[in-house]
Amino acid sequence: MIAKIRSILKSEKVIVLCSVILCVLLFIAIFAPWLVPNDPTFVNLAVKLQSPSLDYPLGTDHLGRCTFSRILYGARISLGFAILIFISSLSIGLIVGIIAGYRGGWVDQLLMRFGDGVMAFPNLLLVLGLVGIWGAGLKQVILALIFVQWVYYARVIRGMVLSLKEQNYITAARISGSSQWTIMKKHVIPNVLPPLAVMGTLEMGWAIMDLSSMSFLGLGVQPPTPEWGAMIHEGKSYIRTNPELMLYPGLMIMLVVITFNLLGEALSERFGIKRR
Amino acid sequence: MSLLQVNRVNHSYNSKRFFKWKDQMNKALSDISFSIEEGKCVGLLGTSGAGKSTLGKVILGIQRPQQGQILFQGHDIYNADKRTRQMLRRDLQVVFQDSYSAVNPRMTAERIISEPLENYEKLTVGERRKTVISLLERVDLSEKDLKKYPHQFSGGQLQRINIARAISLKPKLIVLDESVSSVDMVTQSLILDLLKGLKEDFGLSYLFITHDIKAAFSISDTIGVLEKGELIQMYDSKDQFFSSKHPVVMQMKDSILAEHPRFRSIFN
């Protein structure tokens, strides 16, 4: 047992390392309220722009708020909403992809051409446009991100369903009297989910990036809510005197996105799954 | 009344071409009629692309032919109402050539075999497991194999699992679509023996689709020769087949390898 675990640790170094980092981040995100030394939104101008100290491990920002606490809380928002975006767009993509792939014909054409239309625009541009129409705010940004992300899942799932449909066991199931729904539940969905999990890992990095970019532009998370992108935005006026205000949240975004990407790459290599 | 009657079935595949005005039609089946009596095995011999598999699909009710009808137990399977169709499905099963692609790689042998049972029989978990075990034993596998996944079986064993699934509802007709073509000679003869035994036990009828003349003769009562979508002739016995002077049959006979090169021209 121990030898087996050791051999896995050795052969899958990247996967193990990335998973550990993500678990730690997830832990921070869940238990942020108990981990923070100070209230992340408490303004105290008397201690503004301080260097690291025992009370404030990473110093304070221009309003005297604890940077460390804000970073921990930021993990909550970034990871939490990235997971929300991932799950929502995956569910929509799964439903649309399966319907398009399994039904075929004009339904397939309609859904996929709509998807092509969405994909024709650069992601960020489309999100900007949608947020411009709906107005700034976290809810709108998340909806817009889901709107551009589901297409990728739908396309990949449709492709997988198309190749699954030709498998003899689907025909055999039909001949055995299984209904369409049973075939979906038993044969189609279990066979498309594992590659999707891998794809999702890669997409998760993008979701966090996009969410932070939107907040940086002042369209997503609104102050005083602590979020990494918004923190960079607030810190940018102090880039000459206090560059660490931008540096810390920037490093966190980098860490999370790189971890997700490396994990996604390693997983897709391990399971031989193509990206996008 | 015959168990299965194929009446003047025509089918062609439509290959749509983007830049062509006219779609090209590839005739797969033309004017095919024959019938299968209860408890009999009809063999269908043909080269690749002769339309054997298309005919199999048409009979199984998954490929509606453009013309003609399939009468199974007196019901037209493509024009029956939903309930009748569901009832007919039960008596009509299939065993495919490629045993690996015919089973879901994520399901255990138990779940694979019990799928038809779940759809038609209201059984408790215990009863179902008992049925599955008895089916496994009937196809010369054992209770140990219940929890195994497809990749843990050999091709021959997997084909037995496919057979077990096909007989689980005690159907009347099983379509064997090249069922023994992808396994080695020894396994092939063992599976053919198994199929013969099952035919006796359950009073099954088979439609045995194959390109293998020896296999076809070892199990079939009647043999039909299919060539370019046409049913050339039905032969009731081996002698009739071998004395036939039809060019297609002559060609097939030539292709049989003699047991020793010395007997090369044994049939001519």
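Quick note: the coordinates plus some simple rules give every number you see, no bench work behind them. Just so it is clear, the structure is predicted and the values come from calculations on it, not from any experiment. Every residue, glycine as well, gets a Cβ built from its backbone with ideal geometry; the counts of neighbours run over all protein chains shown.
The residues packed around residue B:149, meaning those with a beta-carbon under 11 Å from its beta-carbon, carry a net charge of +2 if Lys and Arg are +1 and Asp and Glu are -1. Restricting the calculation to alpha carbons of the stretch B:99-168 gives Rg and Dmax of 10.9, 31 angstrom.
The residue among A:123, A:109, A:97 whose Cα reaches farthest toward the positive pole of the charge dipole of the stretch A:95-194, with charges on the beta-carbon of Lys, Arg, Asp and Glu, is A:97. Longest span of chain B, sites excluded, free of GluC sites (Glu not before Pro) in DSSP loop with at most 16 other C-beta atoms within 10 Å? Looking at chain B, B:122-258 is the longest stretch - no exposed GluC sites (Glu not before Pro) with at most 16 other Cβ atoms within 10 Å. The ellipsoid that matches the Cα gyration tensor of the protein assembly as shown has semi-axes, each √(5λ) in whole angstrom, of 64, 26, 20, with the longest given first. Remark on the stretch A:124-270: Rg and Dmax equal 20.7, 73 Å (Cα only).
Among beta bridges identified by DSSP and lying wholly in the protein assembly as shown, the antiparallel ones come to about 55 percent.
Name the shape class, rounded, prolate or oblate, that the alpha-carbon gyration tensor gives for chain B, where a ≥ b ≥ c are the square roots of its eigenvalues, rounded holds for a/c under 1.5, and otherwise prolate holds if a/b is larger than b/c and oblate otherwise. Oblate is the answer for chain B, as a/c is 1.5 or above yet b/c matches or exceeds a/b. Restricting the trypsin sites (Lys or Arg not before Pro) of the stretch A:215-270 to loop positions (DSSP other than H, G, I, E, B) with no more than 12 neighbouring Cβ atoms within 10 Å leaves A:240.
Candidate cross-link partners of residue B:130 among the lysines, defined by an alpha-carbon separation under 18 Å and a same-chain spacing of 8 or more, comprise B:122, B:144, B:147, B:148, B:170.
Per the Debye formula on identical point scatterers at the alpha carbon atoms of the stretch A:1-119, with no solvent, log10 I(q)/I(0) at q = 0.12, 0.14, 0.20 Å⁻¹ is -0.74, -0.81, -1.02. The count of lysine pairs in chain A whose Cα atoms are under 26 Å apart, excluding pairs fewer than 8 places apart on the same chain, comes to 10. Site-free segments of chain B were taken between chymotrypsin sites (Phe, Trp or Tyr not before Pro) in DSSP loops having at most 16 other Cβ atoms within 10 Å, sites themselves excluded; the longest one is B:79-266. Taking only the Cα atoms of the stretch A:17-271, the radius of gyration and Dmax are 21.8, 77 Å.
When the convex hull of its Cα atoms is viewed from all sides, the stretch A:190-276 shows a mean projected area of 6.8 nm².
Other residues with beta-carbon under 14 Å from the beta-carbon of residue B:9 carry, at +1 per Lys or Arg and -1 per Asp or Glu, a net charge of +2.
What net charge is computed for the residues neighbouring residue B:29, neighbours being all others with C-beta under 14 Å from the C-beta of residue B:29, Lys and Arg scored +1, Asp and Glu -1?
Values: positive: B:8, B:27, B:52, B:57, B:64, B:228; negative: B:31, B:227, B:230.
Charge balance near residue B:29 sits at +3.
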